[in-house]
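Reviewing the structure listed below.
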Amino acid sequence: MPLALIGATVMFAAASTRATESAVTLILCNLVIVCGLQVFIGNSGIYSFGQLSFAALGAYAAALLSLPAAIIALQTPGLPDFISGAHPGPFEAALIGALAGALSASVIGLLIVRTATLAIPISTFAFLIVVYNLLANSETLTGGSGGLVAIPNTTDPDSAGLWAGAAVLVALGFKFSASGYRLRATREDEVAARALGVAVTKERLLAFALSGALCGLGGALSVQASSVLSPATFYFGATVTTLTMLIVGGSGSVLGAVLGTFCVAGLSEALRGLEEGGSLLGLSFGQAPGLAAIGLGLALLATMILRPQGLSGGREAGELGGLKRSQVRLDDEPTTVPANTPNGSATKGELRASEISVAFAGLQVLSNVELRLSRNEALGLIGPNGAGKTTLVNVLSGFQTPDKGGLWLDGTPVNGYSPARLARAGLSRTFQAVLPFAGLSVLESVAVGAMGAGTKRREAFAIGSEVLKRLGLSAEAEKMSADLPAGTQRLLGIARALAGAPRYLLLDEPAAGLSDRERVELVAALRGIIEDFGCGLLLIEHDIGLVMELCSRVQVLDSGVTVALGPPAEVQRNPLVREAYLGASFTGVAGA
């Protein structure tokens, strides 16, 4: 559908006046830029107010390489000879503009995407201001605030349409690539994505650089179409306009980028034509300066209030129930979950923590805690609220750095490993909160678990389909993750982690809020995980009956210290456990 809309627009321009051809050409150039915005903003969920700086750099690169020698002597006498004498063709100049955008985005992205998520919009906006002032105050190199004129006009509706179609295909290709899925997982929940092995900074940087390339390309095409360029061309006004196009259309989809660009551009052109006065619906009126800007603001406001997901609803053409059209069908193909066996052994190795100590603001949460978890074993970790159980799991999974102590994964020291690195090394976890990837389907969510471990997209979907089948969730595959009941979402979180083929899986209160039927299903699923996947399970759970039923060993924490460790029957008889935690309620369980 996006390509059909572009084709129809080019055909419309061919049958129109020269003025309309020029307007359509610039709209298609803007579409290339909006696709660049969608690649980063739509997939990461992070707004960037500085992407037009890459369009400006791409435009200036293409313009300075294309200016005739006589114009260069008048406008940019300080331009180096290797630039002024290059004179590439329009196609090569456009590609150089894209390269300028990509390189500048890569360099600045190395700094910006490492900052806190909320700091990225402000940081990119600051970079836009820096670029504008550099261009405006470099008179001998860029023409200064007066800008450049007499740039060869080489972009027409046909070439702009071809470039716009290519930009749409690039944006769609990225969105449905493994990197695109991983980045969208960070958009839905960054913490859960990191726990699956997703390197958040790497994925954001890749999208930021690709976004810069498309924005640089769009800037180069725009200046080749308009023949004039100034530092203000891609500054505040263009930033607001292109962001409005993306938001109105729906930032979550490439279709939204196309719809938003055409609708907002059409509205702006219509209102701009009325600014000098005229009649509408039989009513005459005088001059109305600023009408186009007012209309742009009202369109944005109406979209945010009435349809926050934009005209496209954040969906691509042909999407059904959250399952993407580009997704391959794997129901009839034989699939296997990749072996999660270290060094070819299904039983050797262990996860070990030694003398783990953690204190918060002087409060000792963990004190010299030891823990060992073997393959094909379920270890229950229990204790009263505030005992330090979740803190210990955070330490084991890389989300918390211990004040003291060491961690080993199958004999390899993993102190200081990030959650993503630990996940790729074979240790994954779930959380007390469900943390679903609400904007992804069930199958996509599980496939991301495999992609986080480095599996290619097609194989990841095969693994996801097999994991869902083993856990009895195949019927839910095409549903959106957010639409599942709480109990099924918890099982989905486990499936998501299993898709990465972990050797050790840490489950933080998986039975919380489950009904009796869902609890029975969970126990069966966890037993199947131990048998079928060969995982070592660490289970934090307040449902003591479930722990005693499933686990071969139980470790009890109280006030950050291990007070008991051993088989369930032995722990049941421990007087310290009875007194500190289990009390009278445990007596009923023990006698069951």
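For the peptides 38-44, 10-16, the ranking by mean Cβ contacts within 10 Å, running from highest to lowest, is 38-44, 10-16. Accessible surface calculations at 1.4 Å, restricted to protein heavy atoms, place the chain at 41 Å² per residue.
Taking 0.36 nm per residue of sequence separation and removing the Cα-Cα distance, the N415/A232 pair yields an extension gain of 60.9 nm.
Across the range 191-204, computed HN-Hα scalar couplings (Karplus, 6.51 cos²θ - 1.76 cosθ + 1.60, θ = phi - 60°) run 5, 4, 5, 4, 5, 8, x, 6, 7, 4, 4, 4, 5, 5 Hz from first to last residue, x flagging Gly and Pro. Taking amide H as placed 1.01 Å from N in the peptide plane, the amide H of A564 sits under 5 Å from that of V556, each at least 5 places away or on another chain.
Computed from backbone phi with θ = phi - 60° and the Karplus coefficients 6.51, -1.76 and 1.60, the 3J(HN,Hα) list for the range 116-121 is 4, 3, 6, 8, 5, x Hz; x is used for glycine and proline. Specify whether the C-alpha gyration tensor of the range 383-466 places it in the rounded, prolate or oblate class, a ≥ b ≥ c being the square roots of the eigenvalues: rounded for a/c under 1.5, otherwise prolate if a/b is larger than b/c and oblate if not. It is oblate, given that a/c is not under 1.5 and a/b is not larger than b/c. Matching the structure-derived Cα extents along the principal axes in Å against the labelled list (i) 79, 58, 45; (ii) 92, 53, 46; (iii) 80, 62, 50 gives the label (ii).
Let me make sure I get this right: for the range 102-153, a, b and c are the square roots of the gyration tensor eigenvalues over alpha carbons, sorted descending. Under 1.5 in a/c it's rounded, otherwise prolate if a/b > b/c, else oblate. Which is it? Since a/c reaches 1.5 and a/b is larger than b/c, the shape of the range 102-153 is classed as prolate.
The calculated FRET efficiency for R372 paired with A4, based on their beta-carbon distance and R0 = 51 Å, is about 0.25. In debye, nearest 20, what is the charge dipole magnitude of the chain about its Cα centre with +1 on Lys and Arg Cβ and -1 on Asp and Glu Cβ, if you could check? So the dipole magnitude of the chain works out to roughly 600 debye. Close amide H contacts of Q400 (hydrogens built in the peptide plane, cut-off under 5 Å, sequence separation of 5 or more or a different chain): V395. Here's the picture: charge each Lys and Arg Cβ at +1 and each Asp and Glu Cβ at -1 in the chain, and of S354, I6, P88 the one pushed furthest to the positive end of that dipole is S354.
Here the accessible area is traced with a 1.4 Å probe on the protein chains. For the chain, carbon and sulfur cover 60 percent of it.
Taking 0.36 nm per residue of sequence separation and subtracting the Cα-Cα distance, how much length would be gained by fully extending the chain between V523 and I122, in nm to one decimal?
Extending this stretch completely gives an extra 139.6 nm.
The distance separating the Cα centre of the range 410-465 from that of the range 502-517 comes to 16 Å. Length gained on full extension, S559 to F82, computed as 0.36 nm times the residue gap minus the Cα-Cα distance: 164.7 nm.
Apply the a/c threshold of 1.5 to the C-alpha gyration tensor of the range 1-157 and tell me whether it is rounded, prolate or oblate.
Cα axes put the range 1-157 in the oblate bin.
Close amide H partners of L379, meaning residues 5 or more places away or on another chain with modelled amide H under 5 Å apart, are L537, L538, L539. With a Förster radius of 45 Å applied to the beta-carbon distance between A73 and Q432, the computed FRET efficiency rounds to 0.05. In the chain, the calculated helix contribution to ellipticity at 222 nm averages -16500 deg cm²/dmol per residue, counting -39,500 (n - 2.57) for every DSSP H run with n ≥ 4. Couplings for the range 501-513, taken from phi via the Karplus curve 6.51 cos²θ - 1.76 cosθ + 1.60 with θ = phi - 60°, read 6, x, 8, 9, 10, 9, 10, 9, 6, x, 9, 4, x Hz in order; Gly and Pro are left as x.
Placing pseudo-labels 7 Å out from each Cα toward the beta carbon at E190 and A482 gives an inter-label distance of 1.9 nm.
What is the total of Lys pairs in the chain with C-alpha atoms under 24 Å apart, excluding same-chain pairs fewer than 8 positions apart? Lysine pairs meeting the criterion: 12.
The values are calculated or read from the model by the stated rules, or taken from the named source; none is laboratory data. Just so we're clear, the structure is a prediction, and the values are computed from it rather than from any experiment. With ideal geometry, Cβ positions are generated from the backbone for all residues, glycine too; neighbour counts draw on all protein chains shown. To get the accessible areas, we keep the full protein, side chains included, count just its heavy atoms, and leave off ligands, DNA and RNA. Shrake-Rupley method; radii C 1.70, N 1.55, O 1.52, S 1.80 Å.
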